Amino acid sequence: MASEMTMVGARPGKESFWQGDAFRALAAMLVVGAIAAAGGFGKLSGTADNDSMLRLVQVRDLVAGQGWFDLHQYRMGAEGGLLMHWSRLVDAPIAAIMLVATAVTGSPAAGETVALIAWPLLLFAAALYLLLRIGRELLPEEALFPLTILGAATLYYVGIFAPGAIDHHNLQLVLMLAMMVFLLSPGTGAGVAAGVAAVLMLAVGMETVPYVAVGGLFVSGWYLLRGEKARGATAGFGTAFAAASGAVFVATVPAAQWGAAYCDAFSVVQLTIGMVAGLGLALVAASSVLSASPWRRAGSLAALGAVVAVLAVAFYPQCLSGPYANLPPMMQHYWLDGIGEAQSILTMLANEPEATAGHYVTVLLALVIFARHMRRTGVRRGESLVAAMLVVALLVSIWQVRGSRFSLPLACLPLAMWVGSLRIRAQATPGAASSLSLAGAWLASFHVTWILASLGLWTLLAPAGSTSKPTAEACLKPADHALLAALPPTEVLVISNLGAPMLRYTPQSVLAGPYHRNVAGNLAALSAFTGSPELAAGVVRDNGVGLVAICRGNPETNFLARRAPDGMLAGMLAGERPDWLEIVPESAGQPLELYRVSLPGG
C-alpha cells in the first residue's frame, strides 16, 4: 500500500463549471437517477424502509394541516397515538417540494412522487460535492478522479440516497460532511457555518452526537495548539453553536414543552448543554486573559469541559445511557433484537456473517492506509479531522451497524489517495505488475466488492438450506395492502415491521410500529402475538382491534414465531387460529392474510 502521494491539498484553480466538483456531483446524480428510473424506481413501489414510509405519512399529515409543533402519529400506538421524536426540519423541505410539484402538475400524487425522487437525489449530489470539497483540501489532484468514482459508488450502495429514501440518515450525512468542509476552512465565517451545521445535525437526530463531539473537540484542539490563528474560527463556532441551539429550540419545540427533557430529540437538554458549551467556547476564545498561553488555553478548555460534564451528569443523567437502555425487557427480547440496523458487529457475525464484510473491510483498509501515511508524513490538521471522524464512525458501527453509513463514505478519502498513487505508478512504470496492483486497489476499495465476495463465499460454504431467508420486502408493496385499504378503517393488530406500510397505503390504524417511543402499542402487540390466544383476546378487546393481519414471508413474523413457539402467532402460522378470528375470504393465500375479530361480548 505504499504511496508516492501526500495529502497536500489540491486547491481548485480557475475551473469552469464543467470541470468542477459541482458538475461531477450533478453528473453522478443524473447517472444514479437514470439507474433508478431504469429499475422502475423500486423504492417508490413499496420496498422503502419503515422510516421513509412513516416520514412520508408525517409529511402528508403536515401538508394536510397537522400543526408544525404537533409530532403525534395518531394512527399508530395505543389510545392517543404516538409522539414521534423526529424533527420537522426534515419534513419541511420534503413538504415544500411536494407542494410546489403539486401546484405545477395539478396532481397531489405526482407531487408526492416528485418529492420522493428529487429529495434523496439532491442530497446525493450534495453529499458527493462535499466529499469532493474535502478531497480538494486534503488530496492531490490525481486522487480526485478515484474519489469521484469511489464516492459516487459508495453513496449509491449504502442505500440512503435511493429514490424513496426520505428518512433522516441521508440529511445527517450531508450535514456531517458540511461541518467537516467548514472546519477545514480558516476564518470566522467558516467557524460559524460549522457550528450551525453541527446543531442542525443534532436537531435532525441525536445519533449524530459522536460526530458533533468530534467537531467540537477538533475546534478546541486546534485553538489549543494554534491560539491566535484559530481564535476567529473557534469563537465563531462556539457563538454559532449557542445561537443555533436557541433558534432550533424555538423553531421546533412547542412552548408547552420547553421544560420537558427528552434525550432522543432536541429539547431543553440539548439547548442547555449547547448554550453552555457554545458560549463557553466563544468566551475562552475571545478572552485575552484565558487564551494568553497554551497552558491557560488548556486550563480554560478543561474547566469548560468539566462544567459541561457536571451539567450533564447532575441534571440529565438519564441521557448518558444508550437510547434503548430503558426499554421494557419484553421489547428488548422480541423487538430490539430483531432490528437489523441496531445490531452490533458480534450479532451480525453470528446471524448474518455474509453481510458483515461489506460494512467494515474497506473502512479498516482505509485506516491502515491512513496510519501508514501519517507515520511517513506526520499528522496534519485536516487529516486528523478525517481520521478522527473515521475512527468514531467505525466505533459506532461496531456498536450498531447503522454507523457504517458514515464510515463507508469517509473511507473513500484515503482509499482514493491509495488508488491515485497506484495510477501514477502504473503510468510511470507500465507493466503487468503495476496494472494488476492498480486493478486490485480499485476492486478492494469498493465495499460492494466485499459484499459480493462474502455472499458468494457464503453460498458455497453455508450448510444446505441455510441460505434461504425470508425476504425483507414481504408485504411492503401497495398491492399487498389493496384489500386492507378498501376495508372500513379500524385498529389493526400486526407486527411492528408492517405498521408504517399500513399507514402509508391504507386509512387503517395500527398498534405496533418499529419505534422505541411506541412502548404501550408495541407491548400490547407483542403480548398478543407471543402470548396465548386467551391473552391475545384480552389485548384485542382492550385496544379495540377489529382486524388481525399476518405476513408469513416477513422476517419479523418468523423471528417472533421462533422466540415464542407457543404464542398465538406461531399457532396461526401452523394453521391453529383462535375461534374468535375469521379470515377475510379474499385474503386467503395472499401475502397479507386478514382476520376479522369476533369476540363474544365484544
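The values are calculated or read from the model by the stated rules, or taken from the named source; none is laboratory data. Model, not experiment: these values are computed from the prediction. Here the Cβ is made from the backbone with ideal geometry for all residues, glycine too, and neighbour counts use every protein chain on show. To get the accessible areas, we keep the full protein, side chains included, count just its heavy atoms, and leave off ligands, DNA and RNA. Shrake-Rupley method; radii C 1.70, N 1.55, O 1.52, S 1.80 Å.
One table, with the values for the structure above:
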{"read-out": "Residue match in the range 552-560 (condition: touching a Pro at 6+ places or on another chain (Cβ under 7 Å), touching a residue at least 24 places away in the same chain (Cβ under 8 Å) and not in a helix (DSSP H, G or I))", "value": "yes"}
{"read-out": "Failed item, numbered, when TYR262 is tested on (1) closer than 15 Å to PHE69 by Cβ; (2) open to solvent by less than 10 Å² (accessible area, probe 1.4 Å); (3) hydroxyl-bearing (Ser, Thr, Tyr)", "value": "(2)"}
{"read-out": "Every residue from the range 215-252 that is open to solvent by less than 20 Å² (accessible area, probe 1.4 Å) and over 30 Å from TRP68 (Cβ atoms)", "value": "VAL219, TYR223, GLY227, ALA230, ALA233, THR234"}
{"read-out": "Residue in the range 486-507 that is in a strand (DSSP E or B), in contact with an Asp or Glu (Cβ under 8 Å, 6 or more places away or on another chain), modelled with pLDDT of 95 or more and within 30 Å of TRP86 (Cβ to Cβ) present", "value": "no"}
{"read-out": "Pair list, Cβ < 7 Å and 6+ apart or interchain, from the range 158-176 residues that are without any contact (Cβ under 8 Å) to a residue 60 or more places away in the chain to residues that are outside any loop (DSSP other than H, G, I, E, B) and among the small types (Gly, Ala, Ser)", "value": "VAL174/ALA126; VAL174/ALA127; LEU175/ALA197"}
{"read-out": "Single match in ALA92, ALA37, ALA109 (criterion: more than 22 Å from the chain's Cα centre (by Cα) and at pLDDT 90 or above)", "value": "ALA109"}
{"read-out": "Subset tally (residues that are outside any helix (DSSP H, G or I) and charged (D, E, K, R)) for the range 328-385", "value": "2"}
{"read-out": "Residue match in the range 575-585 (condition: outside any loop (DSSP other than H, G, I, E, B), touching a Gly at 6+ places or on another chain (Cβ under 6 Å) and not polar (S, T, N, Q))", "value": "no"}
{"read-out": "Subset of the range 342-355 (residues that are of a type in the set (Gly, Ala, Ser) and open to solvent by less than 50 Å² (accessible area, probe 1.4 Å))", "value": "ALA342, SER344, ALA355"}
{"read-out": "The one condition in (1) closer than 12 Å to SER496 by Cα; (2) modelled with pLDDT under 95; (3) in contact with a Phe, Trp or Tyr (Cβ under 9 Å, 6 or more places away or on another chain) that PRO533 fails to fulfil", "value": "(1)"}
{"read-out": "Members of the range 558-583 that are touching a helix residue (DSSP H, G or I) at 6+ places or on another chain (Cβ under 7 Å), closer than 25 Å to LYS477 by Cα and open to solvent by less than 10 Å² (accessible area, probe 1.4 Å)", "value": "LEU560, LEU569"}
{"read-out": "Qualifying residues in the range 470-485 (those that are in a loop (DSSP other than H, G, I, E, B) and either charged (D, E, K, R) or closer than 19 Å to ASP61 by Cα (or both)) - the one nearest to the chain's Cα centre (by Cα)", "value": "GLU473"}
{"read-out": "Extreme residue, least open to solvent (accessible area, probe 1.4 Å), among residues of the range 54-94 that are farther than 19 Å from ALA265 by Cβ, in contact with a helix residue (DSSP H, G or I) (Cβ under 7 Å, 6 or more places away or on another chain) and hydrophobic (A, V, I, L, M, F, W, C)", "value": "LEU56"}
{"read-out": "Failed item in (1) surrounded by 20 or more Cβ atoms within 10 Å (Cβ to Cβ); (2) within 16 Å of the chain's Cα centre (by Cα), with TYR157 passing the rest", "value": "(1)"}
{"read-out": "Filter result (open to solvent by 30 Å² or more (accessible area, probe 1.4 Å) and either without any contact (Cβ under 8 Å) to a residue 12 or more places away in the chain or under 18 Å from HIS359 (Cβ atoms) (or both)) within the range 398-433", "value": "ILE398, TRP399, ARG402, ARG405, GLN427, ALA428, THR429, PRO430, GLY431, ALA432, ALA433"}
{"read-out": "Among the residues listed as LEU62, LEU44, the single one being part of a helix (DSSP H, G or I) and at pLDDT 95 or above", "value": "LEU62"}
{"read-out": "Complete set of residues in the range 93-107 that are free of Cβ contacts under 8 Å to residues at least 12 places away in the same chain and assigned to a helix (DSSP H, G or I)", "value": "ALA96, VAL100, THR102, ALA103, VAL104, THR105"}
{"read-out": "Residue tally, condition crowded, with 18+ Cβ neighbours inside 10 Å and either of a type in the set (A, V, I, L, M, F, W, C) or over 17 Å from LEU217 (Cα atoms) (or both), over the range 356-397", "value": "23"}
{"read-out": "Of all residues in the range 190-202 being open to solvent by 10 Å² or more (accessible area, probe 1.4 Å) and of a type in the set (Gly, Ala, Ser), the one that is nearest to ARG405 (Cα to Cα)", "value": "ALA193"}
{"read-out": "Checklist (1) assigned to a helix (DSSP H, G or I); (2) under 19 Å from ALA36 (Cβ atoms); (3) open to solvent by less than 10 Å² (accessible area, probe 1.4 Å) applied to ILE166, failing item", "value": "(1)"}
{"read-out": "Residues of the range 99-118 satisfying the condition of being open to solvent by less than 30 Å² (accessible area, probe 1.4 Å) and either hydroxyl-bearing (Ser, Thr, Tyr) or touching a Leu at 6+ places or on another chain (Cβ under 9 Å) (or both)", "value": "GLY111, ALA115, LEU116"}
